[in-house]
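Beneath this line is the structure, given in structure tokens, with notes to follow.
The values are calculated or read from the model by the stated rules, or taken from the named source; none is laboratory data. These figures come from a predicted structure and were not determined experimentally. Here the Cβ is made from the backbone with ideal geometry for all residues, glycine too, and neighbour counts use every protein chain on show.
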Amino acid sequence: MAQFETTYANLVALLTDYVEDDSSEFSGMVQGAVNRAEERIIRDLDLVIWNFTAQGSTSDALGTLTKSYSDTHTHSILFLASMEYAQRRSLDYVRGHGGSGRPLYFHEDSTKIYWAPTPDGAYGYDLTYTVRPTKLSDSNQTSWLTTNASDALMWAALVESESFLVAPERVAEFEQKYQQMLGPLRALWRHVSQKSYEPVEPTPKPVQTR
């Protein structure tokens, strides 16, 4: 069996060994299996380390904002002057709201954010969204997942592979192993990434003894 190292090529070799299938059909789908496994882990862990905050401002009388990202979703939009968040609403709600002023609500699709009410000036905001690690492939052999969650990645990819091969008993086996990896990973990285600031304790003054 292939030695598993934290590279895409060795992960693919390990998956092939595990499922004992070197057919062209399996080799043709293994890239998709790995990428679906990546997406699943990112979604299941839901870590703030993958969040990015961009600053911007609305434009007068312009009710939409073209997104610079398309393969992920917006977490929050904080208007800086009021320090209030815009609330997420349906497209029908936003379109039917009417009026103008500082946006109170937003809706997003794959390419745009829609404001309600329509901005009547430049309102500065912090917009936070997820930035996914670059997907693994022949041209991208490593990522955060191969470095920090290689075991979970392997089991998740095996779940996808055995699902393709229609082997429900092995899907259940690998799903259980994936879940066993997921809990400790989530606890570790959520603790590290969400720990609040702790001031350094002051150095004790020496006690004069005479």
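Table for the structure above
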| item | result |
| --- | --- |
| Residue satisfying all of: in the range 33-55; hydrophobic (A, V, I, L, M, F, W, C) and under 12 Å from the mean Cα position of the chain (by Cα); surrounded by the most Cβ atoms within 10 Å (Cβ to Cβ) among these | Ile41 |
| Selection count where residues are loosely packed, with under 15 Cβ neighbours inside 10 Å, touching a helix residue (DSSP H, G or I) at 6+ places or on another chain (Cβ under 9 Å) and within 21 Å of Leu182 (Cβ to Cβ), scope the range 136-147 | 0 |
| Helices (runs of 4 or more DSSP H) lying entirely in the range 122-210 (those with 3 or more residues that are charged (D, E, K, R), assigned by TED's automatic domain parsing to the domain that holds Arg40 and modelled with pLDDT of 90 or more) | 150-164, 168-194 |
| In the range 107-134, residue farthest from Arg89 (Cα to Cα) [restricted to those that are free of Cβ contacts under 8 Å to residues at least 40 places away in the same chain and loosely packed, with under 15 Cβ neighbours inside 10 Å] | Thr134 |
| Selected residue (only one of Thr64, Thr74 is hydroxyl-bearing (Ser, Thr, Tyr) and within 22 Å of Arg190 (Cα to Cα)) | Thr74 |
| Positions within the range 61-92 being outside any loop (DSSP other than H, G, I, E, B), in contact with a strand residue (DSSP E or B) (Cβ under 7 Å, 6 or more places away or on another chain) and of a type outside the set (A, V, I, L, M, F, W, C), in sequence order | Thr64, Thr66, Thr74, His75, Ser76, Tyr85, Gln87, Arg88 |
| Any pair with Cβ under 9 angstrom, 6 or more apart, that starts in the range 149-177 at a residue that is in contact (Cβ under 8 Å) with a residue 12 or more places away in the chain and surrounded by fewer than 22 Cβ atoms within 10 Å (Cβ to Cβ) and ends at one that is among the charged types (D, E, K, R) and outside any helix (DSSP H, G or I) | Ser150/Glu5; Leu165/Asp21 |
| Search result, residues across the range 1-51 that are among the polar types (S, T, N, Q) and not in a helix (DSSP H, G or I) | Gln3, Thr6, Thr7, Ser23, Asn51 |
